[in-house]
Amino acid sequence: MVGIKVCVILAVVLYQINALPSLTESQVDKVKEKLKYLITNYKVDGPGGGPPGDYQALIPNVVRLTFHDCVDGCDGCVNLKNSDNLGLGVSIEALEHLYKSNSFDKVISRADFWALAGITALEIAARNHRRCRRLGCALPEVKFQFGRKDCDTAPSTNLKRGLPNNHGDLDHLQSFMSKQFGLNDRETVAILGVHTLGEARRNNSGFNGPWVPRRTLLSNQY
């Protein structure tokens, strides 16, 4: 049951597109393998994404990028001048290098690429449970649907999207999730569980510190 509710609700957020018959299963598998290697082995070597040497720092950052991109529609575009998106440049830069250097831009949109990266990051975080590594465990499978279209200026945009207020209460979050993604109260609480990943950084959000001890483990502790 590790992270199943979070993954299922993420699937709801990412599913709101029409699949196009142009991407093969083998192509998706190839892209996902490259993403898995990048996200699993990435270490921070500069400011913005965490302290130098921070291992698997892309897991929470990529998941956050995926959500922010899908507010008002997943289109592979994020406005880094918007203070709500501070720190996401780390993931965008790493993913952009992988996207272009492997010519994935010839077979998959950037919006689809980011969505697949978010799914991959959550799967890695779920597998980070010691029990799963030792004995194996049943993990959720999120069916990847493609067909998202990039904005004309991808991966950047000057548009400012209305993300949830950092200081908003539960009523604010429930209203936002309902209007944006059609989530009910139970689903909203479930998706908030993704905050077991990563930590707040004062230079990004004004808050500081992790919510749980293990920042790259998807769990029910939040």
Residue-normalised accessible area of the range 53-204, given per residue in Å² at a 1.4 Å probe: 48
Arranged from highest to lowest average of other beta-carbon atoms within 10 Å per residue, in what order do the peptides 180-187, 111-118, 206-213, 191-198 appear? 111-118, 191-198, 180-187, 206-213
What are the equivalent ellipsoid semi-axes of the range 81-222, built from the alpha-carbon gyration tensor (square roots of five times its eigenvalues), in whole angstrom, biggest first? 25, 23, 17
Where the only charges are on Cβ atoms (+1 Lys, Arg; -1 Asp, Glu), what is the dipole of the range 134-222 about its Cα centre, to the nearest 20 debye? 280
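The values are calculated or read from the model by the stated rules, or taken from the named source; none is laboratory data. What you are looking at is a predicted structure, and each value in this text was computed from that prediction instead of being measured. Quick reminder, even Gly has a Cβ in these numbers, built from the backbone with ideal geometry, and neighbours come from all protein chains shown. For the accessible areas, the whole protein counts, side chains as well, though only heavy atoms, and no ligand, DNA or RNA atoms are used. Shrake-Rupley method; radii C 1.70, N 1.55, O 1.52, S 1.80 Å.
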